[in-house]
Every structure is written in structure tokens, then in C-alpha cells.
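Beneath this line is the structure, given in C-alpha cells, with notes to follow.
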């Protein structure tokens, strides 16, 4: 299974760390020369069941959270 979070990419955006159940699952660079909205970031390979997902700004710029999707 997977979880998808929606974010923005932009000239003032930084990096985010994505934690699943307390473990670092990904570090995402959200910088882009122009603004992009509703950008999907997918964390896959999760076992079925309940999980805790945390998205933390890693410094250096904006990190937006527009929403999430769990199929």
C-alpha cells in the first residue's frame, strides 16, 4: 500500500523529510524554478494496516502540505 501527499514546488521551497512509523522514508527536495501546485509525492511499499506519517520541514525554505490520499 501507499500514501500520497500533495505539496507545492517553488523557487523558495526547501526540503522535507517524510517519516513513516518514526522511520525516515524519504527526503524530498521541493525546489523548482517556477511554482507548481498539487504535486504528488508518493511513499509506497507499506504493509497493510495503520501507520503514522510525519512530514517535517528540513530547513532552507517553504514546505507546503496541501492534502493527502490513501487508496
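Normalised by the number of residues in segment 2-69, the mean separation of alpha-carbon contacts (under 8 Å, six or more apart) gives a relative contact order of 50 percent.
Computed packing ranks the peptides 6-14, 33-41 as 6-14, 33-41, most packed first, by mean other Cβ atoms within 10 Å. The per residue volume of the convex hull around the alpha-carbon atoms of the chain is 72 Å³.
All of the numbers you see were taken from the coordinates with simple rules; none came from a lab. Note that the structure is a prediction, hence the values are computed from the model and not measured. Cβ: placed from backbone, ideal geometry, glycine included. Neighbour counts: every protein chain shown.
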